[in-house]
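Trainee: Quick one: the structure is below, questions incoming.
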Amino acid sequence: MAAKEQSKKKMMLEVVNPYEVFFEGRIESIVLPTVDGQYGIMPGHSPIVVAVAPGIARAEMDGETKIFTVSEGFAEIGQHVVVIVCNAAEWPSEIDIDRAKSALDRAKTKFNSVTSTEEQRLYAQHAMERAKARISVSEEWKKTGKGHSES
């Protein structure tokens, strides 16, 4: 009975991007970055679809918090399953911090350029958000040594 009760407290998480299934497994909860702010999800959540924004996702798995970055996309949330479809997702150990800092500098320059169009500024803004998330998750992981799992 205890195993049955434990399984009721978990839900499936699947994170996919155009290149791979980034993660698939059972979790207790997840907090996602959305266009409306951080969005927490637990088993039994009402079905909804949310727009995912570039940022850090935090999933509770077996009592441990695992962190990873996601780019723009959407999440389909059900009572027992969360499917995140995004352009990219990365574990902290996969992030090249120097490359992320260079990307942030390039995006800031493009965003602040007087010759940039509105579309270019929007793209640069998304690039800045992605780079900031990558830098933040990498630095957090290096400080604590926690929050990474590829399984």
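Trainee: Looking at Glu60, Glu90, which is the one that is over 16 Å from Ala131 (Cβ atoms) and of a type in the set (D, E, K, R)?
Mentor: So the residue among Glu60, Glu90 that is over 16 Å from Ala131 (Cβ atoms) and of a type in the set (D, E, K, R) is Glu60.
Trainee: Does region 40-87 hold any residues that are over 20 Å from Phe22 (Cα atoms) and either in contact with a Pro (Cβ under 8 Å, 6 or more places away or on another chain) or acidic (Asp, Glu) (or both), and which are they?
Mentor: Within region 40-87, just Gln79 meets the criteria.
Trainee: Continuing with the same structure: Among the residues of region 36-64, what is the count of those that are over 15 Å from Arg26 (Cβ atoms) and part of a strand (DSSP E or B)?
Mentor: 13
Trainee: Here is a further query. Mind listing whichever residues of region 113-143 are under 21 Å from Ile95 (Cα atoms) and of a type in the set (A, V, I, L, M)?
Mentor: Matches in region 113-143: Ala124, Ala127, Met128, Ala131, Ala133, Ile135, Val137.
Trainee: Scanning for something over 21 Å from Arg134 (Cβ atoms), of a type outside the set (Asp, Glu) and assigned to a loop (DSSP other than H, G, I, E, B), does region 66-76 turn up at least one residue?
Mentor: Checked against the condition, which is being over 21 Å from Arg134 (Cβ atoms), of a type outside the set (Asp, Glu) and assigned to a loop (DSSP other than H, G, I, E, B), region 66-76 yields no hits at all.
Trainee: Mind checking which residues of region 71-84 are under 11 Å from the mean Cα position of the chain (by Cα) and surrounded by fewer than 17 Cβ atoms within 10 Å (Cβ to Cβ)?
Mentor: Correct list: Phe74 only.
Computed from the coordinates by the stated procedures, all read-outs in this text should not be read as laboratory data. Just so you know, these numbers come straight off a predicted model, no measurement behind them. No Cβ is skipped: glycine too gets one built from the backbone with ideal geometry, and neighbour counts run over all protein chains shown.
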